[in-house]
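Read-outs: derived from the displayed coordinates by stated rules, not from any lab. The model shown is predicted, which means the values in this text are computed figures rather than measured ones. Methodologically, a virtual Cβ is constructed for each residue, glycine included, from the backbone with ideal geometry; neighbour enumeration extends over all protein chains shown.
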Amino acid sequence: MASGIPENTTAPLEHKYYWYQYDDIRFLQRVNHAAAAHVDYKSRGAYVFFSFGGYHADKETRAQPDYYCNHVFRSADIDIHKFDVATRQWSLVKTRSKKDDPLLAPCAKCRYGHSVCSYNGRAYMFGGRNDDDGSMSCVACFDIASSSWIVCDTSGQVPAARDGHGCTVIGSVMFIHGGYCEMESQFTNTLYGLNLETLMWTEYPDKGARVVERDFHTATAVGQNKIIVFGGRSDELAPIFSARDIYDDKFYCYDLNKLVWSEMITTGYKPVGRRSHCAVCCTGNIVYFAGFNNKMKKHFADLFILNTATNHITEVRPWGEYPCARRRSACALVGTEIIIFGGTSPQPVGHKGRELLVDRSDTYILNILPSLQELCVSCIVEHGVNYAVLPSLLIAYIEKIRSLDSKRSETDLK
C-alpha cells in the first residue's frame, strides 16, 4: 500500500508528536462523515465527540465490477456514533425524534459530504447528499444532552443545497464555504455565515483574490477574524463540472474585518494540491493530514502544520503507529489530541487490475502534547542511548517505538 508520504522532502522531521492506533473499537467503515467535538460538563469536563452519517460500503461490495456505475446510497435515518476519549471506545447513540415526541424534529436523513459543528451543547448539520434525496440545504439540529433532534428554522440569505463544502465556527457563527451545488451542476466559492443564536444566514462579499470554485476542501477558523481555505477539487471550466479536475495548492485567507480574500505567501514545506483531507486548528497552527489528487492518482499520508503567524509550513512525521494513506476521513480536536477516523484507502490490486478502494474503520489519535515518558523515549531512540538497565516494560515500549520508526524510515525511502 502506498504511503503517500512525499519523497526527498527537505522539511525537518519532528519527533515531539505521537500517533496511536486503535483498530477495533467499534467504529464502522465510513467515509465522508462529519465530526463535532463536545465538552460534557456533567462528567467533569470530559471530552466526547460525535460522528454523523457518512457513506459506507464493505470490501466485497466495492469489488463488484459494476459498483461505480450502479451502486446507490439510499435514504434512511442518519446514524450517530459517540467516541469517549477517556475509554477510547465508540458507541452507537440512541436518538429521539418526531416519531418519539411530536414536539421534536424529524430525524435527519443519512448523507455524505455534509458538515457538523458543535455550539452551546448542540450539533448543527448542514448540506450533504444521498442518492434518493439529492443535495440538502436545511440545517438539522441535534441536542447532545437529550440525544434529540430539535426544530431549527433558519432565515435570511439561505445558501443553495450543496455537498463537499468547507465549514468552521467563529464565536456564534457557523461559516460555510464553497461546495458542489447539484441543482446547478456547478461548483461554488460563496461564503455564508449562520448566526447560531438568531438562526439568520448572511452571504459575505466575494472581494480580493479570486478563490476558484471548489469542493471537498477545508475552511479553518484562526482566531476571531480569519478563515483559511486550502485544497479541494475544481475544474478547468469552473464553476461548471466537466470532469477535468484542477487541484489548487495555494492557501487563501478571508479577513472578516475587511471582508476580503487574499492569497497567502507561504514558506517551507510545499504540500501538493489535494481534496478530501483533514484540517484542525490548535493554538494558531493548522494541522493538515492526508487527502487525494486524482490528476496524480495518488492518496497522501503526509502531516504538515501551517503556522498562521509566520505563514511557514513544516512537515511533521511523528513517532508511533503512522496511518496509511487515505482520503475522506473525519477529524476532531479534543483537548491536546487530534482524533482521525475512517476514510478510504487504496489496495494495490482490484477487479481486473483496477485499484480497489477499501473503507476503513480504524481510529488514530495524534498526541500534540506528549508525556514526559514519551519525550524521554523519543530521545533514547533518536540518539541511540543504552536502555538495557531500564525496567522491562519500558524496554518493551522502546523496542516497539524503534521498530515502528524503522518501518517509517523504510517507507520514506520508497
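At 222 nm, what value in deg cm²/dmol follows for the chain if DSSP H runs of at least 4 each add -39500 (n - 2.57) and the sum is divided by all its residues, to the nearest 500? List each step's numbers first, then the result.
Values: 4 runs with 41 residues, N = 414.
It lands at -3000 deg cm²/dmol.
For the chain, take every pair of Cα atoms, bin their distances at 20 Å starting from 0, and report each bin as a whole percent.
Result returned by the calculation: 26, 59, 15, 0.
Work out how far the C-alpha atoms of the range 158-251 reach from end to end along every principal axis, then list the three figures in whole Å, largest first.
40, 28, 21
If the chain between residue 296 and residue 395 were fully stretched, how many nm would it gain, using 0.36 nm times the residue separation less the Cα-Cα distance? Before the final figure, lay out each step's value.
Values: separation 99, 0.36 × 99 = 35.64 nm, distance 4.22 nm.
Gain on stretching residue 296 to residue 395: 31.4 nm.
Expected output is a single nm value to one decimal: the length gained when fully extending between residue 197 and residue 131, i.e. 0.36 nm times separation in residues minus the C-alpha distance. What is it?
20.6 nm
Restricting the count to DSSP beta bridges whose residues both fall in the range 18-370, what percent are antiparallel, rounded to a multiple of 5?
Values: 114 of 122 bridges.
About 95 percent, rounded to the nearest 5.
Around residue 130, what is the net charge, scoring Lys/Arg as +1 and Asp/Glu as -1 over all other residues with Cβ under 10 Å from its Cβ? All intermediate terms of the calculation are to be shown ahead of the outcome.
On the way: positive: 74, 109, 111, 129; negative: 131, 132, 133, 163.
Net local charge, residue 130 excluded: 0.
How charged is the neighbourhood of residue 254? Take every other residue with its Cβ under 10 Å from the Cβ of residue 254, and add Lys/Arg as +1 and Asp/Glu as -1.
On the way: positive: 207, 226, 258; negative: 206, 255.
Overall, the nearby charge balance is +1.
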